[in-house]
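See below for the structure under consideration.
The values are calculated or read from the model by the stated rules, or taken from the named source; none is laboratory data. Because the structure is predicted, anything quoted here is derived from the model rather than measured. Virtual Cβ from ideal backbone geometry, glycine too; neighbours counted across all protein chains shown. Just the protein is used for accessible areas: all its heavy atoms, side chains included, with ligands, DNA and RNA removed. Shrake-Rupley method; radii C 1.70, N 1.55, O 1.52, S 1.80 Å.
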Amino acid sequence: MQFDHIPNVAALDDAAREAAMESPVFGRVFTDHMVTIRWNETKGWHDAQVRAREPFVLDPASAVLHYAQEIFEGLKAYRSADDGVTMFRPEENARRFNVSAKRMAMPELPEDVFVQACEEIIRVDKAWVPGDEGSLYLRPFMFANETFLGVKPASDFIFCVIACPVGAYFKGGAKPVSIWVSDDYSRAGPGGTGAAKCGGNYAASLVAQAEAIRHGCDQVVFLDAAEHKWVEELGGMNLFFVFDDGSMITPPLGTILPGITRKSVLHLAKEQGIKIEERNYSIDEWRADAQSGKLREVFACGTAAVIAAVGEVKSTKGDFVIGGTQTGPVTTKMRETLTAIQRNQITGPDGWVHKVNLDG
Ligand SMILES: *Cc1c(COP(=O)(O)O)cnc(C)c1O
């Protein structure tokens, strides 16, 4: 697809950009540009632009503001030792974006155009890609923008990519997180939108997350909506359980979000000869296995934090700890292996690291 490049006269100079990148809080600092592509029924995808990051002007009746037809992705770009920039498995995000689009009755974006849009913002904002422990977090998203109050799929959409320079997610190293088991709220149900990466899932999870914070926890863990028994995932991260015999369990796909970090961990675990099962695991098993010592480690994974140990679980039925609230060796090794592959410091499976052509 041909992108029009519209010069940005308001781009920050080197000194201002470096100040902004000093120690960026996750998701608070943005680069100078954005990529936008429009869709409507007659033209399909059109009007692709790389331009200054600026507010959208939306009609108060814009469909997204009323019916929440919106999806998004999250992936990271890294500065490599040779001053190049790489993305981690962007084709996976492109594919998942279209799975989400289908579920939300939105138009699919060709996978190569999705990846190209990510490359375009990296190229124009390459000075914003942090070195060392940092990365450039890319946020592709799409929303309905038809001016119409009525319940039907919209006929106008905007696809956009914005980017944030981010530091290490956990300052001063990763400390195990504590999680709260939500009794009252479900994140997703059978036939619902749990497997789509849509803003609405997050809107539905916020009250449970607030409850977790009130109980002194970092994150909420959701159980299945039907039986309220099976462990699903955190608000924005998938879960892995590590046992004393070296085997692992992760909840199966269905109502959870199919994380690319989850998929990568599954692949690496199998490569390392770990016996790993995708199967239902109940909150009662979790408690009993933690108390008996059979369960050695639990970790959560997602693009933003990569891998974080879960040290403590709190619930209305009592609290328990895992692995003495320390980060265990399997979690540490998985995090080190995965981050080294993502940063192109060691060679991972074919196709995981996508080199960006910075000259376009
Ligand atoms: C994005 C997301 C994840 C993690 O997916 P990754 O591709 O690994 O970043 C997990 N759960 C939810 C609900 C998410 O939205």
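Below, the figures for the structure above:
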| quantity | calculated |
| --- | --- |
| Count of the range 60-75 residues which are surrounded by fewer than 21 Cβ atoms within 10 Å (Cβ to Cβ), under 14 Å from the mean Cα position of the chain (by Cα) and outside any loop (DSSP other than H, G, I, E, B) | 1 |
| Residue ID - nearest to Arg214 (Cα to Cα), chosen from residues in the range 306-332 that are β-branched (Val, Ile, Thr), touching a residue at least 40 places away in the same chain (Cβ under 8 Å) and open to solvent by 20 Å² or more (accessible area, probe 1.4 Å) | Thr316 |
| Tally, over the range 253-282, of residues that are open to solvent by 10 Å² or more (accessible area, probe 1.4 Å) and away from the ligand (no atom under 14 Å from the Cβ) | 11 |
| Members of the range 216-244 that are open to solvent by 10 Å² or more (accessible area, probe 1.4 Å) and more than 16 Å from the ligand (Cβ to nearest atom) | Gly216, Ala226, Glu227, His228, Lys229, Phe243, Asp244 |
| Selection from the range 122-142 of residues that are within 21 Å of Glu70 (Cβ to Cβ) and either basic (Lys, Arg) or open to solvent by 10 Å² or more (accessible area, probe 1.4 Å) (or both) | Tyr137, Arg139, Phe141 |
| Residue list for the range 24-66, restricted to those being of a type in the set (S, T, N, Q) and touching a residue at least 60 places away in the same chain (Cβ under 8 Å) | Thr31, Thr36, Asn40, Ser62 |
| Members of the range 88-121 that are open to solvent by less than 10 Å² (accessible area, probe 1.4 Å) and more than 16 Å from Phe3 (Cα to Cα) | Pro90, Asn93, Ala94, Phe97, Ser100, Ala101 |
| Filter result for the condition that a residue is out of contact with any Asp or Glu (no Cβ under 8 Å at 6 or more places or on another chain) and of a type in the set (A, V, I, L, M, F, W, C), over Ala208, Ala195, Ala212 | Ala195 |
| Of all residues in the range 5-61 being out of contact with any strand residue (DSSP E or B) (no Cβ under 6 Å at 6 or more places or on another chain) and acidic (Asp, Glu), the one that is modelled with the lowest pLDDT | Glu22 |
| Some residue of the range 296-305 being open to solvent by less than 60 Å² (accessible area, probe 1.4 Å), farther than 30 Å from Ser182 by Cβ and not assigned by TED's automatic domain parsing to the domain that holds Glu91 | no |
| Contacts under 6 angstrom Cβ, first residue in the range 333-360 being part of a strand (DSSP E or B), partner open to solvent by 30 Å² or more (accessible area, probe 1.4 Å) and at pLDDT below 95, 6 or more apart | Val353/Asn344 |
| Sole exception among (1) under 20 Å from the mean Cα position of the chain (by Cα); (2) under 24 Å from Leu206 (Cα atoms) for Ala225, by number | (1) |
| Residue check for Val57: touching a helix residue (DSSP H, G or I) at 6+ places or on another chain (Cβ under 9 Å) and away from the ligand (no atom under 15 Å from the Cβ) | no |
| Failed item in (1) touching a Pro at 6+ places or on another chain (Cβ under 8 Å); (2) hydrophobic (A, V, I, L, M, F, W, C); (3) closer than 23 Å to Arg28 by Cβ; (4) more than 16 Å from the ligand (Cβ to nearest atom), with Ile213 passing the rest | (1) |
